[in-house]
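Take a look at the structure set out below.
The values are calculated or read from the model by the stated rules, or taken from the named source; none is laboratory data. Predicted model only: the values in this text are computed from it and were never measured. Positions of Cβ are generated from backbone atoms using ideal geometry, with glycine treated the same way; all protein chains shown enter the neighbour counts. Note: areas computed on protein heavy atoms with side chains; ligands, DNA, RNA excluded. Shrake-Rupley method; radii C 1.70, N 1.55, O 1.52, S 1.80 Å.
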Amino acid sequence: MTKFTEVKASTYDEMSREAAKIIFDDLKAKKDTVLGLATGSTPEGMYDALSTMINEADLDLSEVTTFNLDEYVGLDEDNDQSYHYFMDKNLFSKIDVPKENIHILNGVADNIEKEVKEYEALIDEKGIDIQVLGIGRNGHIAFNEPGTSFDSLTHRVQLTDETIEDNARFFEKKEDVPTEALSMGLATIMKAKKIILLISGANKQEARDLFVSGEVSEDVPVSILHNHPNVILLTDSEARGE
């Protein structure tokens with residue numbers, strides 16, 4: 001079992017800067033770094049800090065490749081609730097990663113089965129150096145809900161009522177939230193060489209406690225990370241209940 005490293009920040013902004021610094025240092029050290037990226041409110045501050053660091057250093061990103069964790073089924077990239085849109089707004093519009101090096105699952109693909117298989121194959125071909133993760137209140141990572149097999153690869157997911165409820169705040173009404181998504185699987189995530197897990201806010205304290213407890217179970221998807229050799233957990237004081 002890994003002895004994960006926990007970086008304890010006081011505030012959300014401090015946590016975001018610490019996470020951005022880890023990624024920035026890796027980008028400086030390895031020009032062709034492959035990043036695995038997450039969406040949601042937690043990494044927004046990290047993306048903001050990271051884009052500032054990159055631009056201030058005038059870092060060359062021409063050889064950088066990115067893969068996103070997930071995307072809703074049924075939302076095209078122009079939909080302002082799609083993860084394509086989120087990533088462009090929060091990161092890609094601010095930095096110069098070549099468009100052809102940016103990979104995000106296509107939620108409106110004609111053949112979903114083909115889409116997820118090809119995405120997995122591309123990850124196997126490129127490898128992921130650093131994977132960024134957030135966490136759901138029930139311990140889910142990406143859209144891998146409790147009960148997802150630890151052997152799962154990139155796949156189509158039925159979203160739970162709890163996740164739909166959590167994501168409803170981003171939509172006009174709950175009925176607008178997609179009920180399905182495409183997501184990297186847990187085994188896919190574990191292929192990354194290094195994993196950064198961000199946990200912020202009092203509403204994620206229970207999720208942090210679930211992870212830190214060390215119990216490994218498919219009922220708690222994030223617990224698979226205890227089987228990974230290189231995990232950095234970044235938390236703010238609220239997530240630690242301090």
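Values for this structure:
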item	result
Residues of segment 102-130 satisfying the condition of being outside any helix (DSSP H, G or I) and either at pLDDT below 95 or β-branched (Val, Ile, Thr) (or both)	ILE102, ILE104, VAL108, ILE128, ILE130
Members of segment 143-172 found to be β-branched (Val, Ile, Thr) and either part of a strand (DSSP E or B) or surrounded by 20 or more Cβ atoms within 10 Å (Cβ to Cβ) (or both), listed by number	THR148, THR154, VAL157, THR163
Hey, LEU159 of a type in the set (A, V, I, L, M, F, W, C) and modelled with pLDDT of 95 or more or not	no
First in segment 187-214 and more than 25 Å from GLY127 (Cβ to Cβ), second anywhere and open to solvent by 50 Å² or more (accessible area, probe 1.4 Å) and hydrophobic (A, V, I, L, M, F, W, C), Cβ under 9 Å, 6 or more apart	GLY214/MET1
Cβ pairs under 8 Å, 6+ apart, first in segment 81-101 and hydrophobic (A, V, I, L, M, F, W, C), second assigned to a loop (DSSP other than H, G, I, E, B) and surrounded by fewer than 19 Cβ atoms within 10 Å (Cβ to Cβ)	ILE95/LEU61; VAL97/LEU61
Only one of ALA49, ALA109, ALA121, ALA38 that is surrounded by fewer than 15 Cβ atoms within 10 Å (Cβ to Cβ) and among the small types (Gly, Ala, Ser)	ALA121
Test: residue in segment 126-136 that is in contact with a strand residue (DSSP E or B) (Cβ under 9 Å, 6 or more places away or on another chain) and among the acidic types (Asp, Glu)	yes
Some residue of segment 28-36 being within 23 Å of PHE170 (Cβ to Cβ) and of a type outside the set (Asp, Glu)	yes
Candidate set: segment 77-101, residues that are surrounded by fewer than 13 Cβ atoms within 10 Å (Cβ to Cβ) and modelled with pLDDT under 95; chosen: the one nearest to LYS126 (Cα to Cα)	ASP78
Checklist (1) loosely packed, with under 15 Cβ neighbours inside 10 Å; (2) outside any helix (DSSP H, G or I) applied to SER237, failing item	(1)
Residues of segment 3-23 classified as under 20 Å from LEU69 (Cβ atoms), surrounded by fewer than 21 Cβ atoms within 10 Å (Cβ to Cβ) and out of contact with any Lys or Arg (no Cβ under 9 Å at 6 or more places or on another chain), total	1
Whichever residue in segment 173-211 is over 16 Å from GLN158 (Cα atoms) and among the acidic types (Asp, Glu) and, among such residues, is least open to solvent (accessible area, probe 1.4 Å)	ASP209
Verdict on GLU175 being in a loop (DSSP other than H, G, I, E, B) and farther than 30 Å from ALA121 by Cα	no
